[in-house]
1. Can you find a residue in the range 80-100 that is on the phi > 0 side of the Ramachandran plot and either part of a strand (DSSP E or B) or in contact (Cβ under 8 Å) with a residue 60 or more places away in the chain (or both)?
2. Out of the residues in the range 147-156 that are modelled with pLDDT of 90 or more and surrounded by fewer than 22 Cβ atoms within 10 Å (Cβ to Cβ), state the one that is farthest from residue 57 (Cα to Cα).
3. Go through the range 22-58 and give me each residue that's under 21 Å from residue 105 (Cα atoms), assigned to a loop (DSSP other than H, G, I, E, B) and of a type in the set (Lys, Arg).
4. Condition first: buried (at least 17 other Cβ atoms within 10 Å of the Cβ) and not hydrophobic (A, V, I, L, M, F, W, C). Now tell me which residues in the range 11-26 satisfy that.
5. Which of the numbered conditions does residue 89 fail, given that it passes all the others? Conditions: (1) in contact with a Leu (Cβ under 6 Å, 6 or more places away or on another chain); (2) open to solvent by 70 Å² or more (accessible area, probe 1.4 Å).
6. Of all residues in the range 5-47, which are more than 18 Å from residue 58 (Cα to Cα) and of a type outside the set (A, V, I, L, M, F, W, C)?
7. When you check residue 65 against the structure, is it over 24 Å from residue 7 (Cα atoms), of a type in the set (Lys, Arg) and surrounded by fewer than 19 Cβ atoms within 10 Å (Cβ to Cβ), yes or no?
8. In this structure, does residue 119 turn out to be under 19 Å from residue 13 (Cα atoms) and among the polar types (S, T, N, Q)?
Amino acid sequence: MLLKKTSMNCGGGRTPWDTWISCEEVARDGQIWEVDPLGVREAKMTVLGGNNTGGRFESFTYDVRDKEDPRFYYTEDRPDGPLRRFRPTNPDWNKPHKMLHGTGDIEFLLLDATTADNSTGTYSWTTNKTLAQATAAEFFPGSEGIDAYEGSLYFVSKKAKFLYVLDLDGNTWERRSTVSGVFDGSPDQLTRLVGEQEILYYTEEGGKDAGIHGRDSEGNFFSILESPTIRRSTEGMSSTTRRKNSLGRLDRNKTM
């Protein structure tokens, strides 16, 4: 057993140094743990949850293109759960396993719409959690899966059924509805597979038939599969090392 004495562990995500971040999705006081999948180092609670606080945390990703200013992002599945960014004060890549356990700044995402339909806008970061909670409640209640790739940050709102894309090299964002074709549930986990064609896959919670769906680099949505019997959700998308096969778990039924 690699991680004990935690509960309601949800999506999480991989770190750049190949450990796993496990997010507790409990009512309000959940924390975020770093786990060594080889068991060499003991699992340890990170500073991402905040001092004397916590949250209903969901998923984790990172942007480490600038090694001197790495950035780590994570979502909170609450109606007003803000998207957070952590920037370690003195990142030491010779000891990366300490990076999420030392000092740093936790900031919260603020969105400002520039179009009448709230489909595009600008964004900024703040230390004011109350303002960020208002942004989350208005734009992305119930944020779930998150991923970053080549200067873009992707995350989904389960309740609003939107996919958000932030330009990490600028300060603009856009969103698109995830409701398309047979997808009639809520977006859940995200995972990116890169091959001949880059595809962002996401799982489904609720709806008539839970399934696995995707979005290509041109913004087209499509469905990979749907179950005629699973009503609750699909979870845990992953792929094999050579990316020739994909895996997905159908919740509660223990089916892959």
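1. First pass over the range 80-100, keeping only residues on the phi > 0 side of the Ramachandran plot: none.
Among the residues of the range 80-100, not one is on the phi > 0 side of the Ramachandran plot and either part of a strand (DSSP E or B) or in contact (Cβ under 8 Å) with a residue 60 or more places away in the chain (or both), which makes the answer no.
2. 151
3. If the condition is that a residue be under 21 Å from residue 105 (Cα atoms), assigned to a loop (DSSP other than H, G, I, E, B) and of a type in the set (Lys, Arg), then 28, 56 are the ones that fit.
4. Once the filter is applied, which keeps residues that are buried (at least 17 other Cβ atoms within 10 Å of the Cβ) and not hydrophobic (A, V, I, L, M, F, W, C), the range 11-26 yields 11, 12, 13, 15, 19, 22, 24, 25.
5. Evaluating residue 89 over (1) in contact with a Leu (Cβ under 6 Å, 6 or more places away or on another chain); (2) open to solvent by 70 Å² or more (accessible area, probe 1.4 Å) leaves (1) as the failure.
6. 16, 18, 36, 37, 39, 41, 42
7. So residue 65 fits the description; yes.
8. no
The values are calculated or read from the model by the stated rules, or taken from the named source; none is laboratory data. Everything numeric here is computed off the predicted structure, so don't read it as measured data. Using ideal geometry, Cβ is built from the backbone for each residue, glycine included, and neighbour counts are taken over all protein chains shown. Surface accessibility is based on the protein's heavy atoms, side chains included, excluding ligands, DNA and RNA. Shrake-Rupley method; radii C 1.70, N 1.55, O 1.52, S 1.80 Å.
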